[in-house]
1. So, of the residues in the range 18-31 that are at pLDDT below 95 and exposed (fewer than 12 other Cβ atoms within 10 Å of the Cβ), which turns out to be farthest from Pro64 (Cα to Cα)?
2. Using the structure shown, decide if Thr51 is among the β-branched types (Val, Ile, Thr), more than 16 Å from Trp10 (Cα to Cα) and either surrounded by fewer than 15 Cβ atoms within 10 Å (Cβ to Cβ) or at pLDDT below 95 (or both).
3. In the range 58-80, which residues are surrounded by 14 or more Cβ atoms within 10 Å (Cβ to Cβ) and free of Cβ contacts under 8 Å to residues at least 60 places away in the same chain?
4. Contact list please: Cβ distance under 6 Å, first residue in the range 1-21 and at negative phi, second residue at pLDDT 95 or above and in a strand (DSSP E or B), pairs at least six apart or on different chains.
5. Could you grab me the full set of residues in the range 72-87 that are farther than 22 Å from Cys5 by Cβ and hydroxyl-bearing (Ser, Thr, Tyr)?
6. Please find, within the range 14-36, the residue that is farthest from Glu90 (Cα to Cα) out of those that are of a type in the set (A, V, I, L, M) and assigned to a helix (DSSP H, G or I).
7. Would you mind stating whether Lys104 is out of contact with any Lys or Arg (no Cβ under 6 Å at 6 or more places or on another chain), surrounded by 13 or more Cβ atoms within 10 Å (Cβ to Cβ) and assigned by TED's automatic domain parsing to the domain that holds Val125?
Amino acid sequence: MLYVCENNQWQAFVHRRETMLTDRIASRASAYGMEGITVDGNDAEAVYAATAAAAAKVRETRKPMLLETYTYRTRGHYEPDDQSYVDAKELAHWQQRDPIEQLKRKLIEQRSLTSADVERMQLRVQETIADALTFAKNSPFPNTSELTTDVYA
């Protein structure tokens, strides 16, 4: 089993520093008899490589492992959350490290993508979301007898 923890440093409205003595969650894995590693959660390529390596190791050793992606929650806990409790400088620092923007810049610099390619992808994503929203709005509400279907806890 490969456990993946997205450490976005927030617990609803409480910063990780207020409840944890350590900066990384992966350091706790050894208490459960498994290896824990941390990867920069804002580097898509690093996350991909670390995940592939960890999955291969789990398959080979048949032992569990914890992969922590260290990142930051740049949006509120819920949609209208104004994040007034967040340090503005810290938030600005992490917003500059947006993983999608970083990967996009890198791929354009490497000439793997053009700005036009990115625009086409963004349009396809917007269309997919619009189609899903239309489908959801036009779908009937499920029967209340389905409320606990596939719920196991």
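1. Taking the candidates together, the pick is Glu18.
2. no
3. Matches in the range 58-80: Val58, Thr74, Gly76.
4. Every condition considered, the pairs that remain are Leu2/Met65; Tyr3/Leu66; Val4/Leu67; Cys5/Glu68; Glu6/Thr69; Asn7/Glu68; Asn7/Tyr70.
5. Of everything in the range 72-87, those that are farther than 22 Å from Cys5 by Cβ and hydroxyl-bearing (Ser, Thr, Tyr) turn out to be Ser84, Tyr85.
6. Within the range 14-36, the match that is farthest from Glu90 (Cα to Cα) is Ala31.
7. Considered against the rule, which asks whether it is out of contact with any Lys or Arg (no Cβ under 6 Å at 6 or more places or on another chain), surrounded by 13 or more Cβ atoms within 10 Å (Cβ to Cβ) and assigned by TED's automatic domain parsing to the domain that holds Val125, Lys104 comes out as yes.
Quick grid of which residues meet (1) under 25 Å from Val125 (Cβ atoms); (2) of a type in the set (S, T, N, Q); (3) at pLDDT 95 or above:
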| position | (1), (2), (3) |
| --- | --- |
| Glu35 | no, no, yes |
| Thr38 | no, yes, yes |
| Leu91 | yes, no, yes |
| Trp94 | yes, no, yes |
| Arg97 | yes, no, yes |
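The values are calculated or read from the model by the stated rules, or taken from the named source; none is laboratory data. Quantities reported herein were computed from a predicted structural model and do not represent experimental measurements. Heads up, the Cβs are rebuilt from the backbone with ideal geometry, glycines too, and the neighbour counts pull from every protein chain shown.
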